[in-house]
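Visitor: Submitted below is the structure of interest, expressed as structure tokens.
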Amino acid sequence: MTKLIGLDFSNIKGDLFGGITAGIVALPLALAFGLQSGLGATAGLYGAIFISFFAALLGGTNTQISGPTAPMTAVSMVIIAGIVAANEGDLQKAIPSILIVFLLAGLIQILMGVLKLGQYIEYIPYPVVSGFMTGIGVIIIITQILPMLGYYPKEDAQFVNSFKPQAEEVILERILREEAAEEILVLDDFEETVRRAQEITEDDIFQEAQVLTANHSAGVIGSLKVMGKALKNINIIDLILGLITIGIIYGFRYITTKVPSTLVALLVVTLGAYFFLPEYRDIGNIPSGFPSFQFSMFTNFRLGAIMPYIVSAISLAALGAIDSLLTSIVADNMTKTKHKPNKELIGQGVGNSIAAMFGGIPGAGATIRTVVNINSGGKTRISGMIAGLVILVILLSLGPLASKIPAAVLAGILVTVGIGVMDYKGLRHIRSLPKSEVVVMLIVLALTVFIGLIEAVIVGMILSSVLFMKKISDVVENRTKTSPLRTFSREIPWMDEEEFFKKYGDKVYIKHLDGPLFFGFASRFQEMIKALPDISTVVIRMDKVPYVDQSGLYAMEDAINDLQSQNITVVFTGLEGQPKDMLSEFSIVPGLVDSKYCFATFEECAIWLEKHVDEEVESN
């Protein structure tokens, strides 16, 4: 039996080997992304387990391996930092809101799949994707320099002490807010305020100062602010461990590519540190049991706590969709198959939703892991499910051992991930690309690094859309002729007009429209109409107009009104399809222009025109 419960077991050996290999490759990355996110290495493992299994089971790309990825982790890191800061720096207090946002992102992805939005992802302009991915790479590299150097701002007592005055102010403000919530008036009960203030200890102030220190040094800008201090306080052991990790990752590939160099680096450096270094900073405790359901995200749910992050959840969902479907395209090219984009979004959404409920960070389809799976023999969704199960087995059996991994090793791994995620293809072709596309790419890159991931994508999409509309309107304008027929000798006339032109060229103006009539061209269309010569009849040829939008429709309506107010007869030819439906729906044809002035072909129109012009000549 090759099929069971909808799964294809005909390639079980290849899927088994592909899934195991991909799971092993995913392990160090999951640990690293979890640590980078701020939730800890364990959250990365949980995300890898559930997303990989359920995205493969329910998704639309047979060979896709999913899990935490660099772009998704970068966005998650920003969301986590913001929610933690809003919860007075208390991660445990912030976790329910964080996980609800991640759950919401997964549900949004499911909705995107149900609404069949998957096929539209391919229309995102490449300069936006290029700038965004390169920006993600820069973010990862810069934020990992501090742990690579072994510098943790919260542990620099001198630096933390500089935030103590600000910490005291924050604590006093918190006391006043608490009293206001309890309806205690400070002026009426000043003694209560003094009593609470006196209960503040040095430890309280120091802990608050540590929170302020962490917020000050968070992200790219924060890392750059404290880079000078980091360089003055380098931990040589951490730096050496990180550099050796990077060296092995790049160097081992020259020996063989059959064994993942990232895994080799993780094992070699970890074992070396464990046996030969008396002290080093590890990644912290990793529980060995099955992930537990996070009931607190529902029992402690507060709508107000996540409302500011709704847009972030939407952006996280959209980014995950883009990330996954781009990987699906890579898989299609390698396997000569065709993925189902909407089904893939549903699978990714289910995976992210379940991962959130068990405390995992969100993820998406991972290109490198998918390629490894395909090259190792994986052909069906079973391979992705096996990859998730492999990480689960490692978690259940080797959790305590994984806790001994040096933090600097994961920092080194992330630096190589940051270098690898950059779009070198786009950067390499900057000199030969159109300047407008280069500007968009660089703006998205700068905004991604220094402002925000969400803002970068929004601005990039807006700029790309405006530039695209400008290009299309220029093309339509260049292809649209505004000259009267008597000047056609300087242009390329349409063949079916030549005989008519010879006889009536100075009596009738024929307006050629070649391309979509949309908002980017609407104003120019009106300007062209106003520049018409003194004639009695205008023929608007719609033969080559595939589409008319609302702006184009209203521009057409205004133009017809202007012409008719000058006693100029308006005639249409070749009006079919969507343009015909639009003009009919808004009572332009028939209505503003009578049906008798609409002709299927110019030949039919020419017969009417000859009679019409002759009658006008006789009447004059």
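The numbers here are math on the coordinates, done by the rules we state, and not lab data. If you're wondering where the values come from, they're calculated on a predicted model, not measured in any experiment. Cβ placement follows ideal geometry from the backbone for every residue including glycine, while neighbour counts extend to all protein chains displayed.
Visitor: For the chain, build the convex hull from the C-alpha positions and give me its volume per residue in Å³.
Guide: Hull volume normalised by residue count: 233 Å³.
Visitor: Moving on to the next point. How tilted is helix 519-530 with respect to the longest principal axis of the chain? Cα atoms for both, answer in degrees (0 to 90, nearest 10).
Guide: Around 20 degrees separate the two axes.
Visitor: Give me 217, 52, 464, 436 sorted ascending by neighbouring Cβ count inside 10 Å, so fewest comes first.
Guide: So the ranking, lowest neighbour count to highest, is 436, 464, 217, 52.
Visitor: So if each residue of separation counts as 0.36 nm, and I subtract the Cα-Cα distance between residue 458 and residue 111, what length gain in nm does that give?
Guide: Length gained between residue 458 and residue 111: 122.9 nm.
Visitor: What order do you get for 514, 282 when you list them from fewest to most C-beta neighbours inside 10 Å?
Guide: 514, 282
Visitor: Give me the number: length gained by fully extending residue 543 to residue 9, i.e. 0.36 nm times residue separation minus the C-alpha to C-alpha distance, one decimal in nm. Could the numbers behind the result be given before it?
Guide: On the way: separation 534, 0.36 × 534 = 192.24 nm, distance 5.42 nm.
The span from residue 543 to residue 9 would gain 186.8 nm if fully extended.
Visitor: Which of rounded, prolate, oblate describes segment 249-364, given a ≥ b ≥ c as roots of the alpha-carbon gyration tensor eigenvalues and a/c under 1.5 marking rounded, otherwise prolate only if a/b is larger than b/c?
Guide: On the way: a/c = 2.64, a/b = 1.21, b/c = 2.18.
It comes out oblate by the Cα gyration axes.
Visitor: Please report, in debye to the nearest 20, how large the charge dipole of segment 265-398 is about its Cα centre when each Lys and Arg carries +1 at its beta carbon and each Asp and Glu carries -1 there.
Guide: Approximately 480 debye in magnitude.
Visitor: Can you give the net charge of the other residues whose Cβ lies under 10 Å from the Cβ of residue 167, counting K and R as +1 and D and E as -1? Numbers along the way, then the final one.
Guide: Working: positive: 164; negative: 168, 169, 204, 208.
Value of the local net charge: -3.
Visitor: Using each residue's phi in segment 393-408, evaluate 6.51 cos²θ - 1.76 cosθ + 1.60 at θ = phi - 60° and report the 3J(HN,Hα) Karplus result to the nearest Hz, with x for Gly and Pro.
Guide: With the stated coefficients, segment 393-408 comes to 4, 4, 4, 5, 9, 10, x, x, 5, 5, 5, 8, 5, x, 4, 5 Hz.
Visitor: Work out the FRET efficiency for residue 200 and residue 285 from their Cβ-Cβ distance, taking R0 = 22 Å, and round it to the nearest 0.05. Numbers along the way, then the final one.
Guide: Numbers: r = 31 Å, r/R0 = 1.39.
FRET efficiency, residue 200 to residue 285: 0.10.
Visitor: Still on this model: Of 612, 216, 429, how do they rank once you tally other Cβ atoms within 10 Å and put the fewest first?
Guide: Arranged by neighbour count, lowest to highest, 612, 216, 429 become 429, 216, 612.
Visitor: Could I ask something else about it? Say the dipole of the chain comes from +1 at the beta carbon of Lys and Arg and -1 at that of Asp and Glu; which of 11, 388, 308 then lies farthest toward its positive end?
Guide: Of the candidates, 11 comes out farthest on the positive side.
Visitor: A follow-up question, please. Return the whole-Å distance between the Cα centroid of segment 10-63 and the Cα centroid of segment 310-331.
Guide: With segment 10-63 and segment 310-331 each reduced to a Cα centre, they are spaced 17 Å.
Visitor: OK, next. According to a simple spin-label model (label point 7 Å from Cα along Cα-to-Cβ), what is the distance in nm between residue 232 and residue 177?
Guide: 3.3 nm
Visitor: What's the FRET efficiency of residue 558 with residue 401 using the Cβ-Cβ distance as r and R₀ = 60 Å, to the nearest 0.05?
Guide: With R0 = 60 Å, the Cβ-Cβ based efficiency is 0.20.
Visitor: Also, quick follow-up: Can you tell me which of 394-402, 82-90, 440-448, 254-262 comes out highest on packing, and rank the rest after it, using the mean Cβ neighbours within 10 Å?
Guide: Descending packing order for the listed peptides: 440-448, 82-90, 394-402, 254-262.
Visitor: In nm, what is the difference between 0.36 nm times the number of residues separating residue 393 and residue 158 and their Cα-Cα distance?
Guide: 80.3 nm
Visitor: For helix 602-619, what angle does its Cα long axis make with the longest principal axis of the chain, in degrees from 0 to 90 and rounded to 10?
Guide: Relative to the chain, helix 602-619 is tipped by roughly 50 degrees.
Visitor: Restricting things to alpha carbons, tell me how big segment 160-232 is in terms of Rg and Dmax, in Å.
Guide: Expressed in Å, the Cα Rg and Dmax of segment 160-232 come to 16.0, 52.
Visitor: Over the chain, what is the relative contact order in whole percent, taking alpha-carbon pairs under 8 Å and six or more residues apart?
Guide: Values: 1032 pairs, mean separation 160.3, N = 620.
Once normalised by length, the contact order is 26 percent.
Visitor: Run the helix sum for the chain: -39,500 (n - 2.57) per DSSP H stretch of 4+ residues, divided by residue count, reported at 222 nm to the nearest 500 deg cm²/dmol. If you can, show how the numbers build up before the last one.
Guide: On the way: 28 runs with 407 residues, N = 620.
Per the formula, -21500 deg cm²/dmol.
Visitor: Past 24 Å, Cα to Cα, is the threshold; run 507/611; 225/435; 511/580 against it and keep the listed order.
Guide: 225/435, as the Cα separations exceed 24 Å there.
Visitor: Go ahead and run the numbers for FRET between residue 276 and residue 435, Cβ-Cβ distance against an R0 of 60 Å, rounding to 0.05.
Guide: Numbers: r = 54 Å, r/R0 = 0.91.
Between residue 276 and residue 435 the formula returns 0.65.
Visitor: Taking the 0 to 90 degree range and rounding to the nearest ten, how far is the long axis of helix 550-565 tilted relative to the main principal axis of the chain, both from C-alpha atoms?
Guide: Taking Cα atoms only, the helix is inclined about 20 degrees.
Visitor: Could I ask something else about it? Go through 229-237, 194-202, 570-578 and give me the packing order, highest mean Cβ count within 10 Å leading.
Guide: Averaged packing, sorted descending, gives the order 570-578, 229-237, 194-202.
Visitor: Which percent, nearest 5, of DSSP beta bridges in the chain are antiparallel?
Guide: Rounded to the nearest five, the antiparallel share is 25 percent.
Visitor: Taking the Cα centre of the chain as origin and charging only Cβ (+1 Lys, Arg; -1 Asp, Glu), how large is the dipole, in debye to the nearest 20? Intermediate values should be presented prior to the final figure.
Guide: Working: 46 positive and 59 negative charges, 609 e Å.
Around 2920 debye, computed over the chain.
Visitor: Under a Cβ-Cβ cut-off of 15 Å, what is the net charge of the residues other than residue 389 that fall near it, where Lys and Arg count +1 and Asp and Glu count -1?
Guide: On the way: positive: 369, 381; negative: 15.
My count for the surroundings of residue 389 gives +1.
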